[in-house]
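So the structure is just underneath, and the comments pick up after that.
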Amino acid sequence: MASEDPCFIGNKTTVRGQVSGKQDVVVEGRIEGHVSLQSQLTIEESGSVEADVEAAVATLKGEVRGPVVATRSAVLHATARVAGKVKAPSITIEDGARFSGEIDMDVELPAGLAPGNA
């Protein structure tokens, strides 16, 4: 995680376009477009993101529409509403989270469990 204070996108703010950087970002408002962070993205309950998301850590408490790729982990909290593919080596979906899409943990399966082996 970034060591400096996070960047906040307030609940009355909409950002359209690309958000990128090394600083943690907390979304209480709305982002439309593309998010590419080398740190943590937190989407609060009031937050809404309609974008392609790439981050080291994705903490989802609000609404997300679009693919989410996290290089370390993704957590869908009970208040999350997510529609899209979520890809991360570690994914947690809390009871109550609403999710429609696909999960990809990109892990190596043992030979007997690999697709195509029956």
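No lab work stands behind these numbers, since they all come straight from the coordinates. What you see is a predicted model; the values in this text were computed from it and never measured. Here Cβ is always computed from backbone atoms with ideal geometry, including for glycine, and neighbour counts include all displayed protein chains.
Quick notes on this one:
- Here the contact order of the range 7-107, divided by its residue count and restricted to Cα pairs under 8 Å and six or more residues apart, works out to 17 percent.
- Cβ-Cβ FRET estimate between residue 5 and residue 72, R0 fixed at 22 Å, reported to 0.05: 0.60
- HN-Hα J in Hz across the range 99-104 - Karplus 6.51, -1.76, 1.60, θ = phi - 60°, x for Gly and Pro: 9, 10, x, 9, 10, 9
- Placing +1 on the Cβ of every Lys and Arg and -1 on the Cβ of every Asp and Glu, with no other charges, gives the chain a dipole of roughly 220 debye about its Cα centre.
- For the pair residue 45 and residue 22, the difference between a 0.36 nm per residue extended length and the Cα-Cα distance amounts to 6.0 nm.
- Each Lys or Arg adds one and each Asp or Glu takes one away; over the other residues whose Cβ falls under 13 Å from the Cβ of residue 16, this sums to -1.
- Shape descriptor for the chain: Rg over Rh equals 1.02 (Cα atoms; Rh from the Kirkwood inverse mean 1/r).
- Cα shape, the range 1-46, gyration tensor, a/c 1.5 rule: oblate
- Cross-link partners of residue 85 among lysines (Cα-Cα below 17 Å; sequence separation of 8 or more within a chain): 61
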